[in-house]
Structures are given as structure tokens and as C-alpha cells.
Amino acid sequence: MLSNNDVDMVYELYSDFKITRIEVKRMINSNASKRTGREVIITNY
């Protein structure tokens, strides 16, 4: 299991694995309303 940013390259590299998108909170941004993002969880099971 691993996690990474939700970018096209991740989908290309791990196309044979199960990829689940999740919404995450970021702590680094000067604007508190923009402290969100997307990551993916990649598993082989």
C-alpha cells in the first residue's frame, strides 16, 4: 500500500493496481479555505 498525489503519471505508473482517490486536508497554504487536496491510495490487494 502506498499513497501519492492525484496526478496523471501515478495512474500510468500503477495502472495494474487498485487506485482509490481520497480528499485530504493540507496544513500549508496561506488561504485556509484552500487547504484541501486529493491523493490516491494504491494497493495490490
Next on the checklist: For region 22-36, check the following and say yes or no: at least one residue is free of Cβ contacts under 8 Å to residues at least 40 places away in the same chain, in contact with a helix residue (DSSP H, G or I) (Cβ under 7 Å, 6 or more places away or on another chain) and not in a loop (DSSP other than H, G, I, E, B).
Outcome noted: no
Next on the checklist: Given the options Ser3, Ser33, name the one that is of a type in the set (S, T, N, Q) and over 13 Å from the mean Cα position of the chain (by Cα).
Outcome noted: Ser33
Item to check | Pairs with Cβ under 9 Å, 6+ apart, first in region 2-15 and in contact (Cβ under 8 Å) with a residue 24 or more places away in the chain, second of a type in the set (Asp, Glu) | outcome: Ser3/Glu39; Asn4/Glu39; Asn5/Glu39; Asp6/Glu39
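Inspect region 19-36 for any residue being among the small types (Gly, Ala, Ser) and at pLDDT 95 or above and give the result as yes or no. Step through it out loud before you land on a result.
First pass over region 19-36, keeping only residues among the small types (Gly, Ala, Ser): 30, 32-33.
Retained after the next criterion (residues that are at pLDDT 95 or above): none.
No, region 19-36 contains no residue that is among the small types (Gly, Ala, Ser) and at pLDDT 95 or above.
The values are calculated or read from the model by the stated rules, or taken from the named source; none is laboratory data. Quick caveat: nothing in here was measured; it's all calculated off a predicted structure. Neighbour counts run over all protein chains shown; Cβ positions are idealised from the backbone, glycine included.
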